[in-house]
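Below: the structure, in structure tokens.
Values in this text are rule-based calculations from the coordinates and carry no lab data. Not measured: the values here are computed from a predicted model. Here Cβ is always computed from backbone atoms with ideal geometry, including for glycine, and neighbour counts include all displayed protein chains.
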Amino acid sequence: MDFIYQLINGLQVGSIYALVALGYTMVYGIAKLINFAHGDIIMVGAYIALLAVGSMNLNIWVALLVSVVFCVILGVLIERVAYKPLRNSSRMSALITAIGMSLFLENLFLLIFSSNKRPFPNSFSGVAFSIGDKPISFNTLLTITISLVLMFVLWFFVQKTKIGKAMRAVSEDTAAAQLMGININTTISVTFAIGSGLAAVASVFYSSTYPLVDPYMGVMLGLKAFIAAVLGGIGSIPGAILGGVIMGIAESLTKGYISSTLADAVVFGILILVLLFKPSGLLGKNVKEKV
Amino acid sequence: MLKVENLEVYYGSIHAIHGVNFEVKQGEIVTLIGANGAGKTTILQTITGMIKSKAGEITFLEKNLKTIEPHRILQLGLAHVPEGRRIFSGLTVMENLQMGAYIRNDGKAAIDADYERVFTTFPRLKERKSQLAGTLSGGEQQMLAISRAIMAKPKMMLLDEPSMGLSPILVQEIFKIVKDVNASGVTVLLVEQNANMALSIADRAYVLETGHIVKEGSAQELKNDSAIQKAYLGS
């Protein structure tokens, strides 16, 4: 019973990692850029939701929506302002710009909101059901369900819609996709919009689980989600989901059975092992450089 | 229909294309032949905006292509089947064709009719419709690449070495397809190393050597030209 309880908790954290990892992996797939500011989008999303719930007294679902809309616009804007001008520069310039954007967001929010941790209201309170004597909260159940729904919607979008197919075409061969008349800028904007929207959803559920919001909250979460994306194979959508879930469960089981201080060590240990034995990630394709 | 004037292209400090001039008229098959590295692919890539030129004019149907964003060029009716086929190997055959029809907005019925037409011409693509394109053989991939361009309903098609890496029988088949495409009303600019085959289906030809056009004329003339025979036709 206890094991199933830990597993469900792991699944919850894992779904959050997966939602964030999807943003990393999709942006990498399309723009070949590791968007290091992605973690900070989560932080922004959390602050926006907090303001909407706390100061404006909005319902948490409305707050979630406001946060998603804000982050989508922010994500697209960041790409336009910071990354687009560097599209034809070396990858290193874009990478450094992404780190710069991350620092900018952190410090901007530090300036506006100070470094004090702010409590996030307990939004999805109550017990959904119990496993033995262990309660599973409504929050846990919602996080897992909504993540699953979003992943399904994303899968449908990427596999079945015209824009989704165009996104896959661009991620495979940008120049050839352009020859088909696909507008690369639009595709990249859509990708950033989706990634940032998912990050905003993740931010609300993350804040409901660990209810403290501060300007650096996105750093560790972003890093872990990035690792989840690499673990699953960066560029692969199922890989990001698998990587996120594996990390969440590994973390939860370590916390439950070994020691909570070791949880991060185990997670990073898994990454090292995967990189040693399958550097392209669990579901990553072994892409050969064409000459 | 397509006019290239005084085209100059550089790769960094390397001067790849030196003041190239040529023209393709409506309904023609024109071929650009030359050895490896002569600049054939570079010229095609410059036409569709994959590479920027340093100087010169490229006009297609009276429009200056250099001022048009690359993804809008197909909308004007100019399709480019790139070197090495460049099909989307992680997409299915059907999805590849759908990408070919990406820009079309003349209604589902018209597009579906064109899928059918492509499948009648290439029954093997129909059989493998839901297979990933990367699993196709080289010849099938080339057929898919051409079909994908056909799906855009272009007025003119640029073909970059469609015979590359194919067996002699398949080469024959591909060249027959190119002729059929042309017969259906699509103007063709064909870049080839296989000069013999290219000259046998072309109306006119240009010979490219290290970034210069060194000879031009009707395909028949060039086929009988002794220097061309020696250099490109191996006789």
Problem - Sequence ranges B:95-102, A:263-270, A:193-200, ranked by mean other-Cβ count within 10 angstrom, highest first - result: A:193-200, B:95-102, A:263-270
Fill in the blank from the handout: Classified through the alpha carbon gyration tensor (a ≥ b ≥ c as square roots of its eigenvalues; rounded if a/c is under 1.5, else prolate when a/b is larger than b/c, else oblate), the range B:64-114 comes out oblate
Handout entry: Three-way shape label, the range A:1-113, alpha-carbon gyration tensor, a/c 1.5
Key = oblate
Handout entry: Under the Karplus curve 6.51 cos²θ - 1.76 cosθ + 1.60, θ = phi - 60°, whole-Hz ³J(HN,Hα) for the range B:78-92, x wherever Gly or Pro sits
Key = 10, 9, 10, 9, x, 4, x, 6, 6, 6, 8, 6, x, 9, 6
Handout entry: Estimated FRET transfer efficiency when R0 is 22 angstrom, pair B:ARG124-A:LYS160 (beta carbons, to 0.05)
Key = 0.30
Handout entry: 10 Å Cβ neighbours from other chains, averaged over peptide A:249-259
Key = 0
Practice task
Sort largest first and round to whole Å: the equivalent ellipsoid semi-axes of chain A, each the square root of five times a Cα gyration tensor eigenvalue.
Solution key: 30, 23, 18
Problem - Residues in the range A:175-219 that a label on A:ILE73 would reach, taking backbone N under 16 Å of a point 7 Å out along Cα→Cβ - result: A:193-194, A:196-197, A:200
Fill in the blank from the handout: Sorted on mean Cβ neighbours within 10 Å (highest first), peptides B:182-192, B:3-13, A:248-258 come out as B:182-192, A:248-258, B:3-13
Problem - Dipole of chain A, positive direction: furthest Cα of A:THR143, A:ALA240, A:LEU11, with charges on the beta-carbon - result: A:ALA240
Exercise for the section: Along Cα→Cβ, 7 Å out, is where each label goes; now give me the distance between the ones at A:LEU108 and B:THR59 in nm to one decimal. Expected result: 4.7
Problem - Gyration tensor verdict on the range A:72-119 (Cα atoms; rounded if a/c is under 1.5, prolate if a/b is larger than b/c, oblate otherwise) - result: prolate
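How high is the FRET efficiency between B:SER184 and B:GLU69 when r is their beta carbon distance and R₀ equals 30 Å, given to the nearest 0.05? Intermediate results must be reported in sequence, preceding the final value.
On the way: r = 28 Å, r/R0 = 0.93.
Computed FRET efficiency for B:SER184 and B:GLU69 comes out at 0.60.
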Problem - Potential extension, B:ASN36-B:GLN229 segment - 0.36 nm per residue separation minus Cα distance - result: 67.8 nm
Practice task
Would you work out the charge dipole size for the protein assembly as shown about its Cα centre, treating the Cβ of every Lys and Arg as +1 and the Cβ of every Asp and Glu as -1, and quote it to the nearest 20 debye?
Solution key: 240
Practice task
Have a look at B:ILE150, B:ILE73, B:ILE33 and tell me which one the Gaussian network model of chain B (Cα, springs below 10 Å) gives the largest fluctuation.
Solution key: B:ILE73
Exercise for the section: Per residue of A:167-176, count partner chain C-beta atoms within 10 Å of its C-beta, then hand back the mean as an integer. Expected result: 5
Problem - Where labels lie 7 Å past Cα in the beta-carbon direction, separation of A:LEU212 and B:MET164 in nm - result: 5.8
Problem - GNM flexibility winner over chain A from A:LEU142, A:LEU22, A:LEU262 (Cα, springs under 10 Å) - result: A:LEU262
Fill in the blank from the handout: With label points set 7 Å from each Cα along the Cα-to-Cβ direction at B:LEU132 and A:LEU282, the distance between them in nm comes to 1.8
Fill in the blank from the handout: Whole-Å distance linking the alpha carbon centroid of the range A:192-253 with that of the range A:21-54 is 9
Practice task
Just tell me how shielded B:85-93 is by partners: mean number of partner chain Cβ atoms within 10 Å of each residue's Cβ, no decimals.
Solution key: 4
Problem - Selection from A:LEU58, A:VAL27, A:VAL72 lying farthest towards where the dipole of chain A points positive, charges on Cβ - result: A:VAL27
Completion exercise
Full extension between A:LEU275 and A:ASN57 adds, at 0.36 nm per residue less the Cα distance, a length in nm of 73.9 nm
Completion exercise
Note, the range B:205-215: 3J(HN,Hα) by Karplus (6.51, -1.76, 1.60, θ = phi - 60°), whole Hz, Gly/Pro = x, goes 8, 10, 10, 10, 10, 5, x, 10, 8, 9, 7
Problem - Unit charges at the beta carbon, dipole of the range B:97-235: most positive-side option, B:PRO168, B:MET143, B:GLY100 - result: B:GLY100
Exercise for the section: Quick one: check the C-alpha center-to-center distance for the range B:31-46 versus the range A:85-131, whole angstrom. Expected result: 49
Completion exercise
The answer for chain A, counting only DSSP H helices whose Cα atoms cover 18 angstrom or more along the axis and whose Kyte-Doolittle average is 0.5 or greater, is A:2-31, A:38-54, A:60-78, A:91-113, A:138-160, A:184-209, A:217-232, A:237-257, A:263-277
